[in-house]
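Engineer: Encoded as structure tokens, here's the structure I'll be asking about.
Coordinate-derived values only; no laboratory data. It should be emphasised that the depicted structure is a prediction, and the values quoted were computed from it without experimental measurement. Here the Cβ positions follow ideal geometry from the backbone for every residue, glycine too, while neighbour counts run over all protein chains shown.
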Amino acid sequence: MPTYKAPVDDVMFLLNDVFHMERHNNLPGFADASSDVVEAVLGEAAKLCEEVLTPLNRVGDMEGCTRHDDGSVVTPNGFKDAYKQLVDGGWIGISSPEEYGGQGLPSTLTLIVNEFMCAANMAFAMYPGLTQGAIAALLAHASEEHKKKYLPKMIAGTWTGTMNLTEPHCGTDLGLLRTKAVKQEDGSYRITGTKIFISAGEHDLAENVVHLVLARIEGAPAGTKGISLFVCPKFLVNEDGSLGARNGLSCGSLEHKMGIHGNSTCVMNYDSATAWLIGEENRGLPAMFVMMNDARLGVGLQGLAQSEVAYQNAAIYTKERLQGRALTGPKFPDKPADPIIVHPDVRRTLLTIRAFNEAARALIIWTGLKADVGHRSSDEKVRQSAEDHMSLLTPVIKGVLTDTGFANTVLAQQMYGGHGYIAEHGMEQFVRDARIAMLYEGANGIQALDLVGRKLGKDGGRAIMAFFNEVQGYLKEHASNEAMNPYLKPLVQALAHLQQATMWFMQNAVKKPENGGAGATDYMHLFGLVALGYMWCLMAEAAQAKLAAGATGAEQRLNAKLVVGRFFMERMLPETVAHLARIQAGAGSIMELPADAF
Ligand SMILES: Cc1cc2nc3c(=O)[nH]c(=O)nc-3n(C[C@H](O)[C@H](O)[C@H](O)COP(=O)(O)OP(=O)(O)OC[C@H]3O[C@@H](n4cnc5c(N)ncnc54)[C@H](O)[C@@H]3O)c2cc1C
């Protein structure tokens, strides 16, 4: 049975030594998040994840969810108790505004706790995760009346949230959606239509489910310009906040799927269900984007989380499994064979996963802190630069962390040999669970197109220029630090590749968009490598400084950081060359064959 230990030490190193979170203590919420408080909060989260959620991961996988004839859905044994513990601990609203019952702590803490939860039990973590996304959308776009009605219960966790976009004939292309909304005299709407693949659409964890639904108001224009966002609760809510009549919506069936069995993936039927408009008519997609962006970061986290838990178990296994002898002669002559961790290829595999995990965690925290500072700052420029950063990095985090996260679960499974294929070790579950993250919240090919087609050129390229300036400025500032050479020099090259690729698109993809489409996925991964390489420079610099200052007790961990960082720079970052070559090859051979030749 797999185990999990939440990486609290690594997170504290990032918050304290790499990103100096205390610098933001002048901002609301940050003053209450001193290092001691954060460490205590994360310690509690770790306990919940390690002791309660981890043991339920396999149970959830084996049992799955069950739908009864009346449309009700039962979650796996133990999920209800675990959810109650999550609610009792106030975990869902740790970063939500205090005026609606949250604790107002920086959202970065929620990201960190969510990594722990997803690693412990991804299917379970999706129930509160979707609620947090729905909370974000309501906070940004709902009227005060609706905020007061829904947010306190959702933040407490007594009600959960969902997002209803997908329909049988449309996933990526939401402009095709058919779910219909008809305005009533009292200002409410009646919604009719079928949504599919709705995560946490129906379950037994909470008293009410608050659905955020995209639908087209009667007479609205076709395409994405005619889509509106609605709030549509499972139980209508009375004036005094108590639950009223059952609304006209139900779970028609559950999908049978490859992984995340513990999460209910529902076909939701809306049959003249009562709903209320959120935001403006026909402006539903931009409003839903708040939830989608939140969810995309959350899905990126899922990739990292599965990679982390898979790594931890593979590392343990490779120290126990005895096969063959070290190339330099027996390391454990008293044993029948050496543990497989002596083999360079096994170490290469483990380091490939770990070097990604540690940098990906840094990338999430770096981005999370920028967003937090942006949201809480009164300085317009700071807010804008944070928004630019989030908008640019969201598709990179979603696409790269989930593509690589999935690949890493396969690598970790490989460390078990044939045993990795056998269910009881849990490695094949990580592979199956991680796979969905590449598909939902916009398949990864779409993330790459979003990056190349929309984000690069947005506002005259302001966001990408700010990213280049930040990394270039850092490289320049530290150029004379010789100890940093093993980290800085490879990043100089990788950044040049990213800049060349960006320039190539400007010269070759504007008139011929297929060149952009053909190179988008490579560009996203090239960008990801540079961003992760930058994270490694920041981490190496912090580790060196801490070691120089005499980091008693942490020497081994910090020295390991430096070695893992060197591995990334020597063996992973050079992949930027191949990405650049593929981008510059253009769309030629890709578009040449007619469709019927495939
Ligand atoms: C387990 C699970 C849970 C889910 N949870 C939710 C949920 O809670 N709420 C919700 O609304 N939806 C949910 N979804 C739906 C999910 O977000 C969609 O499946 C996803 O966005 C892709 O849509 P699609 O399946 O219709 O694929 P399609 O849109 O048909 O795409 C098929 C393939 O074509 C590619 N493609 C499509 N258009 C283009 C283009 N213009 N250029 C290049 N490539 C293109 C895509 O990248 C993809 O690889 C869930 C799905 C699953 C499986």
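Engineer: Counting pairs of alpha carbon atoms under 8 Å apart in space and at least six apart in sequence, what relative contact order in percent does the chain give?
Structural biologist: It rounds to 13 percent for the chain.
Engineer: A follow-up question, please. What pairs in Lys195/Lys455; Lys47/Lys149; Lys47/Lys331; Lys458/Lys512; Lys476/Lys546; Lys147/Lys183 have C-alpha atoms more than 27 Å from each other?
Structural biologist: Long pairs (Cα-Cα over 27 Å): Lys195/Lys455; Lys47/Lys149; Lys47/Lys331.
Engineer: Quick one: dipole size for the chain, taken about the Cα centre, charges +1 on Lys/Arg Cβ and -1 on Asp/Glu Cβ, in debye to the nearest 20.
Structural biologist: With Lys and Arg at +1 and Asp and Glu at -1, about 1240 debye.
Engineer: By a straight-distance test (C-alpha under 15 Å), which aspartates and glutamates pair with Lys180 as possible cross-link partners, with residues fewer than eight away in the same chain excluded?
Structural biologist: The reachable aspartates and glutamates, counting only those whose Cα sits under 15 Å from Lys180, are Glu167, Glu218, Asp271, Glu281.
Engineer: With r as the distance between the Cβ atoms of Glu99 and Asp240 and R0 = 22 Å, compute the FRET efficiency 1/(1 + (r/R0)^6) and round to 0.05.
Structural biologist: My answer for the efficiency is 0.65.
Engineer: Rounded, prolate or oblate, given the Cα gyration tensor of the stretch 85-135, with a/c below 1.5 counting as rounded?
Structural biologist: Prolate.
Engineer: Pairs of Cα atoms under 8 Å, at least six residues apart: use those to get the relative contact order of the stretch 445-592, whole percent.
Structural biologist: Contact order relative to length: 34 percent.
Engineer: Next question, about the same structure. So, with +1 on the Cβ of K and R and -1 on the Cβ of D and E, and no other charges, what is the size of the charge dipole of the stretch 445-592 about its Cα centre, to the nearest 20 debye?
Structural biologist: 120
Engineer: Would you pull out the residues with amide H under 5 Å of Cys170's amide H, same chain only if 5 or more places away, H placed 1.01 Å from N?
Structural biologist: Excluding prolines and chain starts, which carry no amide H, there are no hits.
Engineer: Is the shape of the stretch 160-282 rounded, prolate or oblate, going by the alpha carbon gyration tensor and its root eigenvalues a ≥ b ≥ c, with a/c under 1.5 for rounded and a/b larger than b/c for prolate?
Structural biologist: Because a/c hits 1.5 or more and a/b fails to exceed b/c, the stretch 160-282 counts as oblate.
Engineer: In the chain, which Cys residues have no partner Cys with a Cβ closer than 4.7 Å?
Structural biologist: Cys49, Cys65, Cys118, Cys170, Cys232, Cys537 - these cysteines have no disulfide-compatible partner (Cβ-Cβ under 4.7 Å) in the chain.
Engineer: Right, something else. Rounded, prolate or oblate: which one fits the stretch 265-366, using the alpha carbon gyration tensor with axes a ≥ b ≥ c (rounded when a/c is under 1.5, else prolate when a/b beats b/c, else oblate)?
Structural biologist: It comes out prolate by the Cα gyration axes.
Engineer: Taking the Cα of Lys476, stepping 7 Å toward and past its beta carbon, and measuring to each backbone N in the stretch 486-512: which are under 13 Å?
Structural biologist: none
Engineer: Kyte-Doolittle mean at least 1.0 and Cα extent at least 24 Å along the axis: which DSSP H helices of the chain qualify?
Structural biologist: Span-like helices, by this rule, are 107-141.
Engineer: Tell me what the chain gives for mean residue ellipticity at 222 nm when only DSSP H runs of n ≥ 4 count, each as -39,500 (n - 2.57), the sum divided by the residue total, rounded to 500 deg cm²/dmol.
Structural biologist: -17500 deg cm²/dmol
Engineer: Let's see if you can work this out: charge +1 on each Lys and Arg Cβ, -1 on each Asp and Glu Cβ, no other charges. What is the dipole magnitude of the stretch 160-282 about its Cα centre, in debye to the nearest 20?
Structural biologist: Rounded to the nearest 20 debye, it is 380 debye.
Engineer: Can you list the HN-Hα couplings for the stretch 322-337, worked out from phi with the Karplus curve (6.51, -1.76, 1.60; θ = phi - 60°), rounded to whole Hz and with x for Gly and Pro?
Structural biologist: Taking θ as phi minus 60°, the curve returns 9, 8, x, 10, 4, 4, 9, x, x, 8, 10, x, 6, 9, x, 7 Hz for the stretch 322-337.
Engineer: Show the residues, 5+ positions off or on another chain, whose built amide H is closer than 5 Å to the amide H of Ile278.
Structural biologist: Answer set, sorted by chain and number: Leu229, Phe230, Val231.
Engineer: Would you mind calculating the gained length between Glu22 and His419 on full extension (0.36 nm times residue separation, minus the Cα-Cα distance), in nm to one decimal?
Structural biologist: 138.4 nm
Engineer: Which FRET efficiency value, to the nearest 0.05, do you get for Val410 and Val182 by plugging their Cβ-Cβ distance into 1/(1 + (r/R0)^6) with R0 = 51 Å?
Structural biologist: So, using R0 = 51 Å, E works out to roughly 0.60.
Engineer: Highest first, please rank the peptides 272-279, 353-360, 174-181, 457-464 by the mean number of other Cβ atoms sitting within 10 Å of their residues.
Structural biologist: The packing order, highest mean first, is 353-360, 272-279, 174-181, 457-464.
Engineer: Additional query: Each label point is 7 Å from the Cα along the Cα-to-Cβ direction; what then is the distance between the points at Gln384 and Gln85, in nm?
Structural biologist: 4.8
Engineer: Here is a follow-up. Using +1 at the C-beta of Lys and Arg and -1 at the C-beta of Asp and Glu, which of Thr192, Ala310, Met503 has the Cα lying farthest in the positive direction of the dipole of the chain?
Structural biologist: Met503
Engineer: Here's a follow-up. Which percent of the Cα-Cα distances in the chain go past 43 Å?
Structural biologist: Everything past 43 Å amounts to 20 percent.
Engineer: Ranked from highest to lowest mean number of other Cβ atoms within 10 Å per residue, what is the order of the peptides 31-42, 571-582?
Structural biologist: 571-582, 31-42
Engineer: Then there is this: Once both labels are modelled 7 Å past Cα along the beta-carbon direction, what's the Ala222-Asp32 spacing in nm?
Structural biologist: So the two model labels end up 5.1 nm from each other.
Engineer: Turning to a different aspect of this structure: Any idea how far apart Asp204 and Glu145 come out in nm if each label point goes 7 Å out from Cα toward Cβ?
Structural biologist: Inter-label distance under the simple model: 3.6 nm.
Engineer: Which whole-number percentage describes the relative contact order of the stretch 173-274, with Cα contacts under 8 Å and a sequence gap of 6 or more?
Structural biologist: Value for the stretch 173-274: 34 percent.
Engineer: Estimate the FRET efficiency between Met591 and His169 by the formula 1/(1 + (r/R0)^6), using the beta-carbon distance for r and 22 Å for R0, to the nearest 0.05.
Structural biologist: 0.25
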